[in-house]
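A quick write-up on the structure given underneath.
What follows is calculated from the coordinates using simple rules that are stated; it is not laboratory data. On a predicted model such as this, the values are computed, not experimentally measured, just so you know. Ideal geometry is used to build each Cβ from the backbone, glycine not excepted, and the neighbour counts take in all protein chains shown.
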Amino acid sequence: MRADGVVTIVDRLKELIKYKGYRIAPAELEALLLTQPGVADAAVIGSVDPDGQEVPVAFVVRRPGEAGDGLDETAVTDFVAAKVAPFKKIRRLEFIAAVPKSFSGKILRRMLKKTEPAGSRMA
């Protein structure tokens, strides 16, 4: 809030992703990702694609060991696509070392938005 009383919203007030009129809950996709063998942790955020649509973007942490070694983008996106409606599919995916979380364990989505790669793969 500025001194003259103007309020500027700088971050998302909600977590829902709106894609072509549909609402997508990131927590639903995160829970599904965590059921896949080889995924240790996951976070989903909304990001604007080149067409101006907000799309689901997943950040995935591979599980160390044999289950996570063979995990690739195609395996993860196909796994999710087979279990959700077409509008809920993950459109971009990035593998990261750790999902940023607060001391209480809440995912720090604003940190993921800052680290989102500009040229990540579109699914």
Next item on the list: Quick one: which residues, 5 or more positions from R62 or on another chain, have an amide H under 5 Å from its amide H? H modelled 1.01 Å from N in the peptide plane, none for Pro or chain starts.
Entry: A40, I96
Notebook entry, point to check: If each residue's Cβ is checked for other Cβ atoms within 10 Å, how do F59, F103, F87 rank with the fewest at the top?
Noted result: F103, F87, F59
Check: In a solvent-free Debye calculation with one equal scatterer on each Cα, what is log10 I(q)/I(0) for region 17-111 at q = 0.23, 0.25 Å⁻¹, listed in the order of the q values?
Finding: -1.23, -1.39
